[in-house]
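Q: Sharing a structure here in structure tokens format.
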Amino acid sequence: MDVCKEFFALPAEEKEKIQPKGEPAKFELPLEQKAKLYVEGEQLSDKEFLYWKDTLAHGCHLLDEEEVVAKYLVEVRKLTMRILNYICEELGLKLGYFDNELSQIQMMLTNYHPPCPDPSSTLGSGGHYDGNLITLLQQDLSGLQQLIVKDAKWIVVEPIPTAFAVNLGLTLKVITNEKFEGSIHRVVTNPTRDRVSIATLIGPDYSCTIEPAKELLSQDNPPLYKPYPYAEFAEIYLSDKSDYDAGVKPYKINA
């Protein structure tokens, strides 16, 4: 967290060195090895709201394990795989089911939300599912909210210094045939304080085909999704914000 805050405290000309050229900056997957800075405050809007954040995106390739961030990412991955194994136990899948190409891609997104003079017209991040498998989030200040769908109500997820918030993504929802539901969440802005969050995303290699785990299917539990290329899904997910689960809707059976 300290290292990430040091980066965002750098002079603008230093940060601009890793900002993609062109207007507007386009967030693309998969990420290259080098870190990139995406400034979204003046570029992205979502109908009623303006997005108010900078994002440092790191592809987590070829990590030098002597660096602070690299050590952090190695340990967060270990923890994430433990959580996925707990999910395997609950579902009756073999341990290590996700320890393959389904969890091959790791990405770190560090978000900086400066103080906003008008929080009513901005969001740090609009309501969304994560598209990947699972995300571990560290936050230094309140701002994360989760949608309670049945009540149509957003609740605050308060930061705990010794804990991560865990968001389950759309890909896990599909693989578990909706035994596990993804988390719809957003980030609100603060009028007086800045906020930094560090999200570590684990997801499939882009050559993967995603489908409900065959071990979970039966006559009483038929597949809810047809197989689809993860790369195709990722393209839809990033371009279509018409609905929370727009990325997987084309693959829903009897939708």
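Q: With 116, 88 as the choices, which residue is modelled with pLDDT under 95, open to solvent by less than 10 Å² (accessible area, probe 1.4 Å), of a type outside the set (Val, Ile, Thr) and not in a strand (DSSP E or B)? Spell out the reasoning first.
A: On the way: 88 fails: modelled with pLDDT under 95.
Exactly one of 116, 88 is modelled with pLDDT under 95, open to solvent by less than 10 Å² (accessible area, probe 1.4 Å), of a type outside the set (Val, Ile, Thr) and not in a strand (DSSP E or B), namely 116.
Q: If you don't mind, there's one more thing I want to ask. Here is a check on your reading of the model: is residue 72 buried (at least 16 other Cβ atoms within 10 Å of the Cβ), among the aromatic types (Phe, Trp, Tyr) and in a helix (DSSP H, G or I)? Break it down stepwise before answering.
A: Numbers: buried (at least 16 other Cβ atoms within 10 Å of the Cβ): yes; among the aromatic types (Phe, Trp, Tyr): yes; in a helix (DSSP H, G or I): yes.
Against the criterion (buried (at least 16 other Cβ atoms within 10 Å of the Cβ), among the aromatic types (Phe, Trp, Tyr) and in a helix (DSSP H, G or I)), residue 72 qualifies.
Q: How many residues does region 31-69 hold that are open to solvent by 30 Å² or more (accessible area, probe 1.4 Å), in a strand (DSSP E or B) and at pLDDT below 80?
A: Residues in region 31-69 being open to solvent by 30 Å² or more (accessible area, probe 1.4 Å), in a strand (DSSP E or B) and at pLDDT below 80: 7 in total.
Q: Keeping to region 159-212, report how many residues are under 20 Å from residue 115 (Cα atoms), of a type in the set (Lys, Arg) and crowded, with 19+ Cβ neighbours inside 10 Å.
A: Selection size over region 159-212: 1.
The values are calculated or read from the model by the stated rules, or taken from the named source; none is laboratory data. No experiment lies behind these values; they were computed from the predicted model shown. Methodologically, a virtual Cβ is constructed for each residue, glycine included, from the backbone with ideal geometry; neighbour enumeration extends over all protein chains shown. Heads up: the accessible areas ignore ligands, DNA and RNA and are worked out on the full protein's heavy atoms, side chains in. Shrake-Rupley method; radii C 1.70, N 1.55, O 1.52, S 1.80 Å.
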